[in-house]
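The values are calculated or read from the model by the stated rules, or taken from the named source; none is laboratory data. From a predicted model like this one, the values you see are computed outputs, not experimental measurements. Methodologically, a virtual Cβ is constructed for each residue, glycine included, from the backbone with ideal geometry; neighbour enumeration extends over all protein chains shown.
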Amino acid sequence: MRKDRLREIHTISVMSAAEKLFEAKGYEATSIDDIALKTGISKSTLYVYFKSKQLIWDSIVCKYMEQLLEVAKKAAEGEGSFEERYYELCFDIATKFEQHPMFYKATLDKISMDMEQEVYKKIYETGEQINEAIADFIRSGIEEGVVRKDIDIYPAVIMMWSSISGIISMAGDKEEYLKLRFNMTKEEYLKKAFKMLLEGAV
């Protein structure tokens with residue numbers, strides 16, 4: 001039991017240190033030596049818990065996917081109309097992207113399907129849970145009479161999730177352009193884009 005607790009403490013410490021370094025220096029510029037030094041453990045000890053820098057990165061990405069799952073569940077199970085929950089979902093995700101853009105963007109990247117590694121199995125399972133939560137959310141819209149009954153739910157899940165994430169990512173990357181070209185703030189653009197996306201489903 002004590003050994004398991006020690007592993008948990010070291011794992012959390014390594015991920016916390018690595019997360020700060022990745023955000024400050026970027027993935028490529030951060031070395032295993034940097035992470036070990038910031039964590040306060042030897043490199044050999046670090047390798048007991050993580051076999052590579054990539055596995056540390058993917059474990060952090062998994063943590064952020066779990067946070068997105070909570071947002072999706074809130075949309076599916078929360079109170080309020082479908083439209084109210086839709087906008088809450090969109091802006092909750094937007095807030096998270098703004099706080100930690102590097103890792104939330106990484107949740108959209110290609111992920112290894114090597115199910116021998118526990119972290120990739122967990123990422124896959126979390127992704128499937130997110131899809132099911134969004135599917136339940138869409139079904140609630142159908143039951144409410146807001147979403148079209150003929151909509152193909154699972155393709156719609158992928159489209160909705162990728163569209164919301166893409167809108168948010170683009171708004172962050174093109175914030176200055178939106179202001180210069182359209183005299184529109186990022187928040188104004190997000191409201192308009194989310195509204196257009198919703199109108200395509202109803």
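Give the residue, chosen from Ile151, Ile168, Ile164, that is surrounded by 12 or more Cβ atoms within 10 Å (Cβ to Cβ) and assigned to a loop (DSSP other than H, G, I, E, B).
Testing whether each residue is surrounded by 12 or more Cβ atoms within 10 Å (Cβ to Cβ) and assigned to a loop (DSSP other than H, G, I, E, B) leaves just Ile151.
Pull out all pairs, ordered by first then second residue, where Cβ-Cβ is under 9 Å, the residues are six or more apart or on different chains, the first lies in segment 136-156 and is modelled with pLDDT under 95, and the second is of a type in the set (S, T, N, Q).
Correct list of pairs: Glu144/Ser81; Val146/Ser81; Val146/Ser140; Val147/Ser140; Tyr154/Asn131.
Restricting to segment 85-113, name every residue that is of a type in the set (Lys, Arg), in contact (Cβ under 8 Å) with a residue 40 or more places away in the chain and more than 20 Å from Ala18 (Cβ to Cβ).
Across segment 85-113, the qualifying residue is only Arg85.
So, in segment 66-82, of the ones that are farther than 12 Å from Asp136 by Cα and out of contact with any Leu (no Cβ under 7 Å at 6 or more places or on another chain), which residue ends up surrounded by the most Cβ atoms within 10 Å (Cβ to Cβ)?
Filtering segment 66-82 for residues that are farther than 12 Å from Asp136 by Cα and out of contact with any Leu (no Cβ under 7 Å at 6 or more places or on another chain), the one surrounded by the most Cβ atoms within 10 Å (Cβ to Cβ) comes out as Leu68.
Looking at Ile32, Ile9, Ile56, Ile111, can you tell me which residue is out of contact with any His (no Cβ under 7 Å at 6 or more places or on another chain) and buried (at least 20 other Cβ atoms within 10 Å of the Cβ)?
Ile56
How many residues are of a type in the set (Ser, Thr, Tyr) and in contact with a Phe, Trp or Tyr (Cβ under 9 Å, 6 or more places away or on another chain) when one looks only at segment 132-162?
Residues that pass the stated criteria total 1.
Just for helices (runs of 4 or more DSSP H) wholly inside segment 1-114: which have at least 1 residues that are closer than 26 Å to Ile130 by Cα and either touching a Lys or Arg at 6+ places or on another chain (Cβ under 9 Å) or not assigned by TED's automatic domain parsing to the domain that holds Ala171 (or both)?
2-25, 53-77, 82-99, 101-106
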